Amino acid sequence: MKMSALNFTITHRLNGTLARAGVIETPHGTIETPAFIVGGTKATVKAMTPGQVSDIGGQAVLANTYHLMLQPGADIIRRAGGLGAFMHWPEPTFTDSGGYQVFSLGMAYKKGIDATSHSQKGESSLATHNKSQLAKVSDEGVAFRSHLDGSQLFMTPESSMELQHAIGGDIHMAFDELTSPLAGRAYVKEAMDRTHTWAERCLARHQALNNEHTDNGEPLQALYGVVQGGREEDFRRESARFLGARDFDGYGIGGVFEPEEIASVVAWINETLPEDKPRHLLGMGAQPADLFLGVEYGIDTFDCVAPTRQARNGALYTYDGRINIRNQQYGQDFTPVSAECDCYTCLNFSRAYLNHLFKADEMLGATLASIHNERFVVRTVDAIRISIIDGTFAAYKAAFLCRYYGSDKAERFIL
RNA sequence: GCAGGGAUAGUGAAGCGGUCAAACACGACAGACUGUAAAUCUGUUGGCUUAUGCCUUCGGGGGUUCGAAUCCCUCUCCCUGCA
């Protein structure tokens, strides 16, 4: 008998687009899609309690294998009863494979070697770190140096799967290699081929581990293959075809960096992938355009750390665009961050109060700001889901983006 | 009263004859952040400005010098000992 780790049902489609609404069922509950998955890298959504994550409408959390294997160690999490039990999050969980860290620890992107750093002025500590390269890729796997203590590590597709199964999230990502936007076509191809080989190795190890779970009477865990291929249409379609032909429970789309790429890259992939499997856009969702375009071109779930990171740094989302709450002008502004927002922060606190918390460096500022930004993004995706169901997506998208960006700038995201 | 020490940009604090509009830190003012090496990072921060440009600054005043935040005299205020 075939048991599946995950069920995905598409309930609505939007004519003339790749958009759909549906439900993902996991052993820890369901996710109504499209959905924004909250970033919980180190088994915590920074500055928020699980109760607060639940209150803002978060349906699932995504944690990171690399970070958790270093600290506290996958075995600790396994012994705690798995990721959800460990962090007191009873709802669905995802883990990322550590593949992103291959990229961010191993190559410089936007920090060290790109065109913007010609000035040589104040070099950030991150840029300095990038020069020292904490990761090296080979066909067998990736040699890492821990960013915490410098110790030598080696991660392979198999070890990533073993770690992810020990951590015990509901949905895992295959171990992949994403390439810098600066990489040439030849390297993009090489990395994609390696990602494909790794994906097959991940699948094999994953299925063996799931067999063990079955023997032990434990719930099955799901695995998404991760599509790569840079900005090259033929590679992206090839990657979607290759992975789509294999028995993954769903697909992650990796290596997308700019909102402008979403429409094209995601469309190539989602036209090619099997329709009946969920698709997760890895790491994108910092701004409304990402969300609208992603959904329009067939994305079911997103994750992004920007809402919480930007919140911690004082950038708050409003329907009229982003504001920096530290700015002087908010010091005497006793209105909420967004009058139309229904989050705990907006219902109870003023911009002036948040401005004070940030200037005084009080931790509550980070919490209230994170609650607001996460609610803003989750609610936006929820509203998008409703607009698919009732067929008003196009009008909703146009109105939302025009107001957020201004009609001039919004144009590039519409049509 | 005597003997020492000190007063530097919003604050603290370097500098002790030229390379000083003056390090550094904090503060202030802006910006960035997309599978979190991020409660982080970047820029600006005397005035005028396009400026490798000019102007006004280092407690007040007066000197020495080609040249002073830096040396001398004096005044004001502060600190530390001894009376």
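Take residues that are open to solvent by less than 50 Å² (accessible area, probe 1.4 Å) and within 8 Å of RNA strand B (Cβ to nearest atom) and tell me which of the helices (runs of 4 or more DSSP H) falling wholly in the stretch A:296-379 contain 1 or more.
Passing ranges, in order: A:306-312.
Being open to solvent by less than 40 Å² (accessible area, probe 1.4 Å) and within 13 Å of RNA strand B (Cβ to nearest atom), is that true of even one residue in the stretch A:14-37?
Within the stretch A:14-37 (the criterion being open to solvent by less than 40 Å² (accessible area, probe 1.4 Å) and within 13 Å of RNA strand B (Cβ to nearest atom)), the answer is yes, since at least one residue qualifies.
Yes or no: residue A:186 at pLDDT 90 or above, open to solvent by 70 Å² or more (accessible area, probe 1.4 Å) and part of a helix (DSSP H, G or I)?
Yes; evaluated as a whole, the condition is true for this residue.
Looking at A:207, A:221, which one is modelled with pLDDT of 95 or more, open to solvent by 60 Å² or more (accessible area, probe 1.4 Å) and either closer than 20 Å to residue A:282 by Cα or of a type outside the set (A, V, I, L, M, F, W, C) (or both)?
Every option except A:207 fails the conditions.
List every residue pair whose Cβ atoms lie under 6 Å apart, where the two residues are 6 or more positions apart in sequence or sit on different chains, the first residue falls within the stretch A:348-361 and is free of Cβ contacts under 8 Å to residues at least 24 places away in the same chain, and the second residue, located anywhere, is among the aromatic types (Phe, Trp, Tyr) and open to solvent by 10 Å² or more (accessible area, probe 1.4 Å).
Pairs found: A:350/A:334; A:352/A:334.
Residue-wise test of (1) surrounded by 21 or more Cβ atoms within 10 Å (Cβ to Cβ); (2) within 10 Å of RNA strand B (Cβ to nearest atom).
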| site | (1), (2) |
| --- | --- |
| A:133 | no, yes |
| A:137 | no, no |
| A:147 | no, yes |
| A:153 | no, no |
| A:157 | yes, no |
| A:161 | yes, no |
| A:167 | yes, no |
| A:173 | yes, yes |
| A:176 | yes, yes |
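I want to confirm something. Restricting to the stretch A:251-281 and keeping residues that are surrounded by fewer than 24 Cβ atoms within 10 Å (Cβ to Cβ) and of a type in the set (Gly, Ala, Ser), which single residue is nearest to RNA strand B (Cβ to nearest atom)?
Checked the stretch A:251-281; the qualifying residue nearest to RNA strand B (Cβ to nearest atom) is A:263.
Which residues, taken from the stretch A:208-235, are closer than 17 Å to residue A:27 by Cβ, without any contact (Cβ under 8 Å) to a residue 60 or more places away in the chain and over 22 Å from the mean Cα position of the chain (by Cα)?
If the condition is that a residue be closer than 17 Å to residue A:27 by Cβ, without any contact (Cβ under 8 Å) to a residue 60 or more places away in the chain and over 22 Å from the mean Cα position of the chain (by Cα), then A:209, A:211, A:212, A:213, A:215, A:216, A:217, A:218 are the ones that fit.
Filter the stretch A:385-399 down to the residues that are open to solvent by less than 40 Å² (accessible area, probe 1.4 Å) and out of contact with any helix residue (DSSP H, G or I) (no Cβ under 6 Å at 6 or more places or on another chain), then identify the one that is farthest from residue A:320 (Cα to Cα).
The residue in question is A:388.
Could you look through the stretch A:60-69, keep only residues that are over 11 Å from residue A:44 (Cα atoms) and in contact (Cβ under 8 Å) with a residue 40 or more places away in the chain, and pick out the one that is surrounded by the fewest Cβ atoms within 10 Å (Cβ to Cβ)?
In this case the residue turns out to be A:69.
Mind listing whichever residues of the stretch A:80-108 are hydrophobic (A, V, I, L, M, F, W, C) and either within 9 Å of RNA strand B (Cβ to nearest atom) or under 19 Å from residue A:256 (Cβ atoms) (or both)?
A:94, A:102, A:103, A:105, A:107, A:108
Take the stretch A:371-415 and flag every residue that is in contact with a strand residue (DSSP E or B) (Cβ under 7 Å, 6 or more places away or on another chain) and basic (Lys, Arg).
Result: A:385, single match.
If you check residue A:408 against the conditions, is it assigned to a helix (DSSP H, G or I), out of contact with any Asp or Glu (no Cβ under 9 Å at 6 or more places or on another chain) and surrounded by fewer than 14 Cβ atoms within 10 Å (Cβ to Cβ)?
yes
Does the stretch A:231-239 contain any residue that is surrounded by fewer than 24 Cβ atoms within 10 Å (Cβ to Cβ) and closer than 23 Å to residue A:168 by Cβ?
No, that holds for no residue.
Open to solvent by 20 Å² or more (accessible area, probe 1.4 Å), closer than 19 Å to residue A:99 by Cα and of a type outside the set (Val, Ile, Thr): does that describe residue A:248?
no
Restricting to the stretch A:317-340, count the residues that are out of contact with any helix residue (DSSP H, G or I) (no Cβ under 6 Å at 6 or more places or on another chain) and under 18 Å from residue A:48 (Cα atoms).
Here the count works out to 0.
The values are calculated or read from the model by the stated rules, or taken from the named source; none is laboratory data. Please read all numbers here as calculations on a predicted model, not as lab measurements. With ideal geometry, Cβ positions are generated from the backbone for all residues, glycine too; neighbour counts draw on all protein chains shown. Side chains included, ligands, DNA and RNA excluded: accessible areas come from the protein's heavy atoms. Shrake-Rupley method; radii C 1.70, N 1.55, O 1.52, S 1.80 Å.
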